[in-house]
1. Which one is nearest to the chain's Cα centre (by Cα), of the residues in the stretch 343-352 that are buried (at least 20 other Cβ atoms within 10 Å of the Cβ) and at pLDDT below 70?
2. Given the conditions (1) closer than 24 Å to Cys208 by Cβ; (2) surrounded by fewer than 17 Cβ atoms within 10 Å (Cβ to Cβ), and given that Leu434 satisfies all but one, which numbered condition is not satisfied?
3. What number of residues within the stretch 228-242 satisfy the criterion of being of a type outside the set (Val, Ile, Thr) and without any contact (Cβ under 8 Å) to a residue 24 or more places away in the chain?
4. Is it true that Leu420 is in a helix (DSSP H, G or I) and either under 31 Å from the mean Cα position of the chain (by Cα) or loosely packed, with under 14 Cβ neighbours inside 10 Å (or both)?
5. Against the conditions (1) open to solvent by 50 Å² or more (accessible area, probe 1.4 Å); (2) under 30 Å from Met145 (Cα atoms); (3) among the hydrophobic types (A, V, I, L, M, F, W, C), where does Val59 fall short? Just the number, please.
6. Being outside any helix (DSSP H, G or I) and open to solvent by 20 Å² or more (accessible area, probe 1.4 Å) is the filter here, so list the residues in the stretch 321-340 that pass it.
7. Would it be correct to say that His128 is touching a Leu at 6+ places or on another chain (Cβ under 7 Å), open to solvent by 30 Å² or more (accessible area, probe 1.4 Å) and farther than 24 Å from Ser306 by Cα?
8. Filter the stretch 353-366 down to the residues that are in contact (Cβ under 8 Å) with a residue 40 or more places away in the chain and open to solvent by 20 Å² or more (accessible area, probe 1.4 Å) and list them by number.
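The values are calculated or read from the model by the stated rules, or taken from the named source; none is laboratory data. Quick caveat, the model's predicted, so the values are computed rather than measured. Virtual Cβ from ideal backbone geometry, glycine too; neighbours counted across all protein chains shown. We work out accessible area using only protein heavy atoms, side chains counted, and drop any ligands, DNA or RNA first. Shrake-Rupley method; radii C 1.70, N 1.55, O 1.52, S 1.80 Å.
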Amino acid sequence: ENGAQVLFLLPEIALTTQIVVRLRKVFGDVMGIYHSKFSDNERVEVWKGILEGKFQFIVGVRSAILLPFDNLGLIIVDEEHETSYKQHDPAPRYHARDVAVMMAYLHKGKTLLGSATPSLESYFHARHERYGLVEMSERFGQAAMPTFELVDIKKEKRSKKMKNEFSSVLLENIAFNLKNKQQTILFQNRRGYSPYMQCETCNWIAECANCDVSLTYHMRARELQCHYCGHKEEVPRICPACGSHHVKTMGFGTEKIEEELNALFPSIRVQRMDMDTTRAKNAYQQIIKEFEIGETDILVGTQMISKGLDFDNVSVVGIFDADRMIHFPEFRASERAFQMLTQVSGRDGRRADRPGKVIIQTSNPAQKILERIVNNDYVGMYESEILEREGFHYPPFTRLIKLTVKHIDEKTSRQAANVLAEKLVAKLGVGRVLGPQAPMVERVRNQFLFDILIKLEREKINFKAAKSFIQEKVIDVLSDKTLKSIQIVIDVDCV
């Protein structure tokens, strides 16, 4: 009303589908939409619309923060904890939430960060009064929190109650839901049919020719795919290593769950929402619309379905493979598992007259993080994690800079990484420089990777001077004629 511009940031394109319809009813033609599924012409139209004053209110994903605003009064960052706000490749590498805070400062506007499971960094700032804190202890419309049930799949397997990837408890609840004409969401954060194929005779595994990862089997496409470089291969009929015919798919993804549901409940309507089913421009809208109006009984999906979607008729959420998220080798693993599982659970029982139920399948129901998820104990998770972060010098107590050295020759890549690390240690000290070490996936697109992680204290160091020093040493290594064609990627405050 006072003439300022407003930006509403969302982490996923999928979310824009539902929220745009609702906001359009209120704001009409002054609202523009901006995301990567639009054509260049459509995006140019929004860009020009902002310059000409046609659009005062923009709803968009992370790249919308870079639009040519001249009078930003308010930036709303919905689901501010989401990793989707981080741009990794290609450059420029930025975190839209952090840019939003800076943009609002430059425009003398306000930033509103919203989340049911805030990032530890944001909550830390709120606790220390750098940010204001508003807490809502009740769900909208007096809806009750869903009830949780942890299912021990080791026990289920021992008593032979499992049907493929489904525990008896999950199947009973799905069947009950279908009988009562209510909907179910099933979450598995791994797309494709199977994560890898393996020979039962010699243990050969199908691997990518360009990356150090196994190839994922996609049944509908009838091919093996690399999720890092896009390489594709035909499915082998016999093992290329030993000639055996016993080559089997191992593990499971969303595509396999969809197939098993169709076999277990032949008369139901199942939809799958992951990167494979949403490539087309309007695929998101179609899947969400069909689920919203009740044409779909069960929605199977990856992390796309965990983010802010609002459905009236969902009363059961099933979560597969929770342990893989919890035990991921990364310092934010517990925080992200809590966020992901809580957010998926939040799609359930969103109306007061329909209490929801969440079923988590796990090999270890006694894990502390699961107890906190069941009790919706964000503060307990925060207090436990923040002590570890402080003890091991991780954010929010430090700022991180990750340098990734890349080269097609492993020896050259390692040598360059060692040279760079030595130069950095000489001034910054051993305690601040970790590595170099090979990441979990050591080779991507035929380039060998080595990571150097730099931890810089927030209070005791001149961050601007430290960045200049690091940039200088990176240029020194890139200028070394003995280390030709080296690439060094710098990612500041890698979130």
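1. Of the residues in the stretch 343-352, the ones buried (at least 20 other Cβ atoms within 10 Å of the Cβ) are 343-350.
So of that shortlist, the ones also at pLDDT below 70 come out as 348-350.
On the way: Asp348: 20, Gly349: 23, Arg350: 23 Å.
Only one residue fits best here, namely Asp348.
2. Looking at each condition in turn, Leu434 falls short on (1).
3. Let us first name the residues in the stretch 228-242 that are of a type outside the set (Val, Ile, Thr), namely 228-234, 236-237, 239-242.
Keeping just the survivors that are without any contact (Cβ under 8 Å) to a residue 24 or more places away in the chain gives 230-232, 234, 237.
The number of residues fulfilling the criteria is 5.
4. Values: in a helix (DSSP H, G or I): yes; either under 31 Å from the mean Cα position of the chain (by Cα) or loosely packed, with under 14 Cβ neighbours inside 10 Å (or both): yes.
Spelling it out, Leu420 is indeed in a helix (DSSP H, G or I) and either under 31 Å from the mean Cα position of the chain (by Cα) or loosely packed, with under 14 Cβ neighbours inside 10 Å (or both).
5. Here Val59 meets the rest and fails (1).
6. Pass one, the stretch 321-340, residues outside any helix (DSSP H, G or I): 321, 327-332.
Answer for the stretch 321-340, where residues must be outside any helix (DSSP H, G or I) and open to solvent by 20 Å² or more (accessible area, probe 1.4 Å): Asp321, His327, Phe328, Pro329, Glu330, Phe331.
7. Values: touching a Leu at 6+ places or on another chain (Cβ under 7 Å): no; open to solvent by 30 Å² or more (accessible area, probe 1.4 Å): yes; farther than 24 Å from Ser306 by Cα: yes.
It is false that His128 is touching a Leu at 6+ places or on another chain (Cβ under 7 Å), open to solvent by 30 Å² or more (accessible area, probe 1.4 Å) and farther than 24 Å from Ser306 by Cα.
8. Keep residues of the stretch 353-366 that are in contact (Cβ under 8 Å) with a residue 40 or more places away in the chain, which gives 354-365.
Hits for the stretch 353-366 are Arg354, Pro355, Lys357, Ser363, Asn364, Pro365.
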